Every structure is written in C-alpha cells, then in structure tokens.
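The values are calculated or read from the model by the stated rules, or taken from the named source; none is laboratory data. Just so we're clear, the structure is a prediction, and the values are computed from it rather than from any experiment. Positions of Cβ are generated from backbone atoms using ideal geometry, with glycine treated the same way; all protein chains shown enter the neighbour counts.
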Amino acid sequence: MCTGNIYGTKLECMEILLATNNKNKQKELVDIFFKHSSQHKLQFPNKKIEVIEDKLSIEENAQKKALEYFSEFNKPVISDDSGLFVNSLNGAPGVYSSRFAGEHASDIENNQKLIDLLLNSLERSAIFRTVLCFYDGKKILYTTGELQGEIILSPRGLNGFGYDPIFEVNGKTLAEMTPEEKSEISHRKNASIKMVKLLNEK
Ligand code: ITT
C-alpha cells in the first residue's frame with residue numbers, strides 16, 4: 001500500500017509491479033497510470049524475468065507473464081502483451097509480432113519484413129492491440145485496447161519503439177508523435193483506462 005493525494009485528500013493507493021522487461025512499455029504505462037489514476041502506483045521490477053511467450057494468443061501470453069511475475073515477486077502485477085494485426089495478412093504478425101523476422105529480430109528487421117510483404121498491397125489497414133492482465137494471487141482481470149491505423153512503406157519518426165515508425169494514424173506515424181500524443185490515443189492507453197476502471201470497481 002502507498003498513499004496518494006487527490007484534491008487535498010489523502011488516499012490509500014495500491015502498488016502494482018509491471019510484469020514486463022520492455023522499458024518503452026514500462027515508461028508508457030507509468031505515464032498513463034500517473035495521469036489517469038492516483039490510486040495505483042506502478043513500479044518497475046528490480047530484476048529481469050524471462051517468460052517464454054509460447055501461447056497462441058496475446059491474451060494467454062499476458063496471463064502467463066502475470067502469473068510468472070506474481071510467483072516471483074508475490075505482489076500485485078500488471079502484464080502487457082501487445083501485437084500488430086494487419087488485415088490483408090490475416091492478422092499477421094499478431095501474436096508473433098516480436099519475432100516476425102525471426103527469433104531475436106530487431107525492430108528494423110521486423111518493420112522491413114512487414115514492408116516487403118505489403119509492397120504490392122493497396123490495402124494496408126492494421127490494428128495495434130494490447131491486452132493487460134492484472135493478478136494479485138486471488139483475482140485476475142483482463143482488458144484490451146485497440147488502435148486502428150495504416151502501415152506505411154517508408155518509416156518516419158524517431159520517437160516510440162517497435163512498429164511505431166510504420167504505423168500511421170491521421171497522417172502521422174506513432175513515432176512522429178510526442179510520447180504524450182501517442183499516449184492520448186494508443187492501444188495501451190485504451191487498455192489502461194479500462195483497467196483503472198475495473199480495479200476501482202472490484
Ligand atoms: P515483454 O514481453 O517483456 O512485455 P516484449 O517487447 O516482448 O516485452 P510484446 O511481446 O508485447 O513485448 O511485443 C510484441 C512486439 O510488438 C514487439 O516487437 C514490440 O516492439 C511491438 N510493440 C508492442 N507495443 C508496441 C507499441 O506501442 N508500438 C510499437 N510496437 C509495439
């Protein structure tokens with residue numbers, strides 16, 4: 001437990017450990033929760049846990065990460081599993097987004113593989129999807145957030161990470177947006193807002 005402050009009133013808040021090794025996700029989630037909830041304080045893990053993401057859906061991978069982090073740290077956790085689903089590729093790379101161009105592929109290699117596959121395609125609509133999973137040893141909660149966009153063939157922008165330079169929304173890639181702009185519209189923000197609501201209800 002921790003204490004927060006809202007409009008001068010002291011509130012108890014819940015410390016929640018982030019069940020992810022991805023520093024970019026950690027930063028985005030901390031910023032989003034800081035902005036949208038004074039009652040939940042997200043914490044960074046103090047050691048790296050390698051969870052093998054071998055499930056067939058991002059929901060199952062999110063669950064696996066939450067359970068494994070909980071059993072290691074024994075405190076409430078939130079995991080994040082995300083993927084990019086391209087409509088004309090039947091949802092690929094989807095659950096395989098992090099290793100689309102092979103095990104340990106870099107972001108640049110994953111982006112290039114997607115660009116190569118879509119070179120002759122006029123239909124390049126895609127959805128970013130994030131599943132968050134909360135687990136405290138008793139209850140397990142899931143939320144999903146989505147963002148619709150378009151894959152572009154020439155990466156643009158220096159911010160963000162992963163597929164951000166090739167994912168365009170309203171004429172701007174996520175990598176051309178400031179972190180605040182991305183977190184106003186992102187799949188991760190949409191899932192987080194739902195999670196804050198669920199946590200406040202239960
Ligand atoms: P953890 O499992 O430790 O959480 P990860 O980097 O393996 O970290 P994911 O499996 O959820 O995370 O990510 C799948 C891929 O999607 C990976 O290549 C990410 O770079 C990419 N990705 C996830 N969220 C993204 C975002 O908001 N913008 C761009 N790419 C993203």
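For residues that are in contact with a Lys or Arg (Cβ under 9 Å, 6 or more places away or on another chain) and farther than 18 Å from THR144 by Cα, scanning just the range 92-131, find the one that is nearest to the ligand (Cβ to nearest atom).
For the range 92-131, the residue satisfying everything is ASN110.
Scan the range 46-59 and report the pairs whose first residue is touching a residue at least 12 places away in the same chain (Cβ under 8 Å) and whose second residue is assigned to a helix (DSSP H, G or I) and not charged (D, E, K, R), with Cβ atoms within less than 7 Å and a gap of 6+ or a chain change.
Cβ pairs passing all conditions: ILE49/TYR69; GLU53/ASN61; LYS55/ASN61; LEU56/VAL95; SER57/VAL95; ILE58/VAL95.
Identify, by number, the condition in (1) of a type in the set (S, T, N, Q); (2) closer than 30 Å to CYS13 by Cβ; (3) over 19 Å from the mean Cα position of the chain (by Cα) that THR144 doesn't meet.
So the condition that THR144 fails would be (3).
Okay, residues lined up against (1) in contact (Cβ under 8 Å) with a residue 40 or more places away in the chain; (2) within 20 Å of HIS36 (Cα to Cα):
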| residue | (1), (2) |
| --- | --- |
| LEU122 | no, no |
| ALA126 | yes, no |
| LEU147 | yes, yes |
| GLY162 | yes, no |
| ASN170 | no, no |
| GLU181 | no, yes |
| ALA191 | yes, yes |
| LEU198 | yes, yes |
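Looking at (1) in a loop (DSSP other than H, G, I, E, B); (2) within 13 Å of the ligand (Cβ to nearest atom); (3) touching a helix residue (DSSP H, G or I) at 6+ places or on another chain (Cβ under 7 Å), can you tell me which one LEU56 breaks?
The number of the failed condition is (2).
Are any residues in the range 1-20 at pLDDT below 95 and under 21 Å from ALA62 (Cβ atoms), and if so, which ones?
MET14
Scan the range 25-41 for residues that are within 16 Å of the ligand (Cβ to nearest atom) and within 17 Å of ASN190 (Cβ to Cβ) and report the count.
Taking the range 25-41 and keeping what is within 16 Å of the ligand (Cβ to nearest atom), we get 25-33.
Filter once more, keeping what is within 17 Å of ASN190 (Cβ to Cβ): 25, 28-33.
Going through the range 25-41 one residue at a time, the tally reaches 7.
If I ask for residues that are touching a strand residue (DSSP E or B) at 6+ places or on another chain (Cβ under 6 Å) and either over 26 Å from LYS189 (Cβ atoms) or more than 10 Å from the ligand (Cβ to nearest atom) (or both), which ones from the range 71-91 would you list?
Correct list: PHE73, LYS75, PRO76, VAL77, ILE78, PHE85, VAL86, ASN87, GLY91.
Based on this model, can you work out whether ALA191 counts as closer than 15 Å to GLU28 by Cα, of a type outside the set (D, E, K, R) and in contact with a helix residue (DSSP H, G or I) (Cβ under 6 Å, 6 or more places away or on another chain)? Please lay out each step first, then the result.
Numbers: closer than 15 Å to GLU28 by Cα: yes; of a type outside the set (D, E, K, R): yes; in contact with a helix residue (DSSP H, G or I) (Cβ under 6 Å, 6 or more places away or on another chain): no.
Against the criterion (closer than 15 Å to GLU28 by Cα, of a type outside the set (D, E, K, R) and in contact with a helix residue (DSSP H, G or I) (Cβ under 6 Å, 6 or more places away or on another chain)), ALA191 does not qualify.
Output the number of residues of the range 87-134 satisfying the condition of being farther than 18 Å from GLY160 by Cβ and not small (Gly, Ala, Ser).
21
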